[in-house]
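Engineer: Pasting a structure below so you can have a look.
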Amino acid sequence: MTTPSLIRIAPGSPLTGDVTPPGAKSGTVRALLCGTLASGTTTIANAGSGDNIRAMAAACRLLGARVEEVDARTWRVHGVDHQLPERAELDAGNSGIVLRLLTAIGATMEHCSVGTRVLDSLGRRGNHEIIHALRAFGADASGRGTEARPPLIVGRGEGLRGGTIPVSGRRSSQFLSGLLFLAPLVGEDVHLEVSDELSSTPMVATTIDALSRADVKVEVAPDWQSYRIASGQRYRPSHHPVASDASSVAGILAAAAAVPGSRTRVSGFQGNDLGTAAMIETLGTMGVRIDRDGEDLVCHGADKVLPIEMDGSACPDSILPMAALACFADGTSVFSNVETLRFKECDRITDFCHELAAAGAKVEERRDAIIIHGNGMVSGGTEVFGHHDHSVIMAMAVVALRSREGLAVRGWDSVAQTYRGFFDDLRALGASVEEQA
């Protein structure tokens with residue numbers, strides 16, 4: 001087995017200059033799939049280019065679409081007009097949303113397998129919620145073990161049907177998002193009912209926005225628990241502007257905020273994402289000055305970090321960098337209502353808290369919360385592990401930059417899942433970052 005890569009991040013250097021984080025994985029993968037299912041040419045602006053996005057693009061090509069990278073931030077998709085192949089074997093990379101979206105639309109085929117080569121990350125994540133829902137549609141659907149871990153095997157069986165379909169949203173909203181993509185392909189009216197609670201309303205809103213741009217209309221109940229999709233709808237080619245990636249923007253802003261004297265400009269910011277807006281507001285409450293200048297955000301290093309209590313469901317993908325920054329507050333911070341973090345590339349509560357403790361922070365975990373007991377400083381000087389998770393890696397870089405002795409991050413290259421150039425950008429801003437074999 002190959003030993004995960006190691007990178008050392010030294011503390012202290014103010015981060016000054018301009019960076020342009022990538023477009024959101026969440027928006028880009030949804031737009032790619034919308035374009036694949038449409039009848040003509042779809043254009044995606046401000047697209048991301050991380051490994052998980054490329055996994056979706058590769059899958060879309062296997063489904064028959066022609067996918068082109070026009071330039072570094074523009075993709076063009078020539079779709080198949082609902083005419084998917086009868087059989088396919090697809091690789092979801094290390095992305096839960098890619099896995100669940102592909103599994104759902106794969107249920108319209110005779111046979112579709114959706115797997116992953118990252119067995120100790122995405123390969124451990126359960127999917128029984130979407131498997132049970134697809135069976136209610138009439139599909140054949142199965143996964144590995146009682147939790148339905150990848151590979152997931154699906155097919156239309158004797159034919160899909162509409163009607164009222166229950167789906168659990170407690171562990172992840174991605175199951176619902178997958179079914180929303182499937183609904184226009186069924187040929188009958190579909191009524192999706194969330195049977196418990198919805199872990200991330202902003203991510204469902206991202207799905208509905210992408211579908212709307214593709215001319216698929218979803219009637220949403222005010223409480224976000226019920227969704228109606230009328231039959232007879234078809235995906236149409238469109239223009240999809242993608243928001244800046246919330247987790248990537250959070251990583252850069254928190255890193256800049258961590259070092260007093262920093263002045264970092266986040267250029268080309270596209271803020272049409274509910275989670276990003278909530279993240280920026282939260283950082284402001286923590287004492288971070290962020291100025292808006294047109295499509296740019298200018299973040300200033302925080303001399304003092306303030307403790308905070310927040311409902312993390314408003315921006316779940318941005319929680320870890322903010323929790324890392326909270327280690328340097330004088331007081332206790334609580335990020336609650338974040339149980340969904342347990343079901344990401346790793347367990348972002350247990351695994352993340354373990355690495356924070358290894359770095360010298362005082363932390364507690366609850367079933368659905370991260371509690372940081374800040375005392376103004378973290379010692380650092382140790383090695384931590386990224387758990388194959390881009391969000392954990394960026395958060396540990398935030399800790400390293402303000403810690404007393406810095407950190408070595410093992411497995412840092414998994415940051416490329418979402419933000420391939422994260423450490424290159426930190427270097428360009430003035431951070432001392434050194435790769436080691």
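The values are calculated or read from the model by the stated rules, or taken from the named source; none is laboratory data. The structure displayed is predicted, hence computed values, not measured ones. Here Cβ is always computed from backbone atoms with ideal geometry, including for glycine, and neighbour counts include all displayed protein chains.
Engineer: Every residue in the stretch 278-297 that is free of Cβ contacts under 8 Å to residues at least 60 places away in the same chain and touching a helix residue (DSSP H, G or I) at 6+ places or on another chain (Cβ under 9 Å), please.
Structural biologist: Met279, Ile280, Glu281, Thr282, Leu283, Met286, Gly287, Val288, Arg289, Ile290, Arg292, Leu297
Engineer: A further question follows. When you scan the stretch 271-287, do you find a residue that is part of a helix (DSSP H, G or I), modelled with pLDDT under 90 and polar (S, T, N, Q), even just one?
Structural biologist: Checking the stretch 271-287: at least one residue is part of a helix (DSSP H, G or I), modelled with pLDDT under 90 and polar (S, T, N, Q).
Engineer: Quick check, is Gly93 of a type in the set (Gly, Ala, Ser) and not in a loop (DSSP other than H, G, I, E, B)?
Structural biologist: Values: of a type in the set (Gly, Ala, Ser): yes; not in a loop (DSSP other than H, G, I, E, B): no.
In short, no.
Engineer: Now for a separate question. List pairs: first residue in the stretch 331-342 and among the charged types (D, E, K, R), second residue surrounded by 20 or more Cβ atoms within 10 Å (Cβ to Cβ) and modelled with pLDDT of 95 or more anywhere in the structure, Cβ distance under 6 angstrom, at least six positions apart or on different chains.
Structural biologist: Close Cβ pairs satisfying both conditions: Arg342/Ile349.
Engineer: In the stretch 127-175, which residue that is part of a strand (DSSP E or B) and among the charged types (D, E, K, R) is nearest to Val204 (Cα to Cα)?
Structural biologist: My answer is Arg149.
Engineer: Another question, if that's okay. Tally time: how many residues in the stretch 199-212 are part of a helix (DSSP H, G or I) and farther than 13 Å from Thr28 by Cα?
Structural biologist: So the answer is 6.
Engineer: Only one of these conditions is not met by His82: (1) modelled with pLDDT of 95 or more; (2) in a loop (DSSP other than H, G, I, E, B). Which number is it?
Structural biologist: So His82 meets the others, but not (1).
Engineer: Does Ala395 satisfy the criteria of being within 19 Å of Ile308 (Cα to Cα), surrounded by 20 or more Cβ atoms within 10 Å (Cβ to Cβ) and not charged (D, E, K, R)? Talk me through it step by step, then tell me what you get.
Structural biologist: On the way: within 19 Å of Ile308 (Cα to Cα): yes; surrounded by 20 or more Cβ atoms within 10 Å (Cβ to Cβ): yes; not charged (D, E, K, R): yes.
When the stated conditions are applied, Ala395 passes them.
Residue-wise test of (1) in a helix (DSSP H, G or I); (2) of a type outside the set (A, V, I, L, M, F, W, C); (3) more than 26 Å from Ile53 (Cα to Cα).
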position: Phe352; (1), (2), (3): yes, no, no
position: Glu355; (1), (2), (3): yes, yes, yes
position: Glu364; (1), (2), (3): no, yes, yes
position: Ser379; (1), (2), (3): no, yes, yes
position: His387; (1), (2), (3): no, yes, no
position: Ile393; (1), (2), (3): yes, no, no
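Engineer: Given the residues Asp351, Asp424, which is the only one that is in the same structural domain as Pro307 (by TED's automatic domain parsing), without any contact (Cβ under 8 Å) to a residue 12 or more places away in the chain and within 24 Å of the chain's Cα centre (by Cα)?
Structural biologist: Asp424
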